[in-house]
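The values are calculated or read from the model by the stated rules, or taken from the named source; none is laboratory data. Bear in mind the structure is a predicted one, so any value in this text is a computation, not a measurement. When we count neighbours, we look across all protein chains shown, and the Cβ atoms used for this are built from the backbone with ideal geometry, even at glycine.
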Amino acid sequence: MAQFNLDDYELVEDRIRKFYETHPDGRIVAEPIATAEEREKGYFVVLAQVFENSADQMAQLPKATGLAFEIEGGPGANKTAALENAETSAIGRALANADYAKKGKRPSATEMEKVARGPQAQIIQPVPESVVTSILEAVSLSVLHTLWEDSVKAGYSDEVQSIVTKRKAHLESLHQENEANRNA
C-alpha cells in the first residue's frame, strides 16, 4: 500500500479561502445529484461548480466542476455525515480542477483521509431464489419490467441482469411467434 503524509495535503477550507481571496465576486455551488433510489441506499453524489464571477454564474459557465461519492454509515465522517463529506470532497475537487490546489497535490487532505481509511467492504446480499424464480416465470414484458425495477431497488441488478435479459428475449420471441400465427 502506498505511504503518504496527510500533512502534505491541504484542507478544502484552505482552497476555498484562496479562491475567494483571488475572486471575491466568485461563487462555489454544490448540489446533491444522487437519485432517490441511491439516497435510500445511503449513496450520495454531489456536483460542485466553481464560478469566478457573477457573470459566469449567470451564464452557467463554471471555470471547473468536481464530483464526489460517499456511502452513509461507513467509517469516519460517513458514519453520520456522508452527504456533507461528499459536498466537501466535491468542492475540493472542483477547486483542484480550477487550479486552486498545491502544485503536485491535487487530492485534498479530506480525500487522502478516505484513502487512509482503506477500501470499504461492500455488503453483497444474495439474490433470493424466489426473485430468480419470479423472473424465470414472468409471463409478460410488463411483469418482467416490474421485477427488474424491484431488483434494481433491492441491489440485485448485477446478479440478475443476464437472467432478465434472457427472459426478455424469450418473451419477445414468443410475442413475435404469436403475431406471426395471428397474421397467417
| message | Among the residues in the stretch 85-94, are any at pLDDT 90 or above, among the acidic types (D, E) and not in a loop (DSSP other than H, G, I, E, B)? | response | yes
| query | Got at least one residue in the stretch 101-117 being exposed (fewer than 15 other Cβ atoms within 10 Å of the Cβ), modelled with pLDDT of 85 or more and over 21 Å from P75 (Cα atoms)? | reply | no
| Is it the case that A90 is surrounded by fewer than 18 Cβ atoms within 10 Å (Cβ to Cβ), touching a residue at least 12 places away in the same chain (Cβ under 8 Å) and over 30 Å from D150 (Cα atoms)? | no
| said: Cβ-Cβ under 7 Å, sequence separation 6+ or interchain: first residue in the stretch 27-46 and in the same structural domain as A90 (by TED's automatic domain parsing) and in contact (Cβ under 8 Å) with a residue 12 or more places away in the chain, partner outside any loop (DSSP other than H, G, I, E, B) and of a type in the set (S, T, N, Q). Which pairs? | reply: R27/Q57; V29/Q49
| request: Name the one entry in E13, E38 that is within 24 Å of the chain's Cα centre (by Cα), modelled with pLDDT under 90 and within 15 Å of S89 (Cβ to Cβ). | output: E13
| note | The lone condition D56 fails out of (1) under 13 Å from A30 (Cα atoms); (2) at pLDDT 90 or above; (3) assigned to a helix (DSSP H, G or I) is (1)
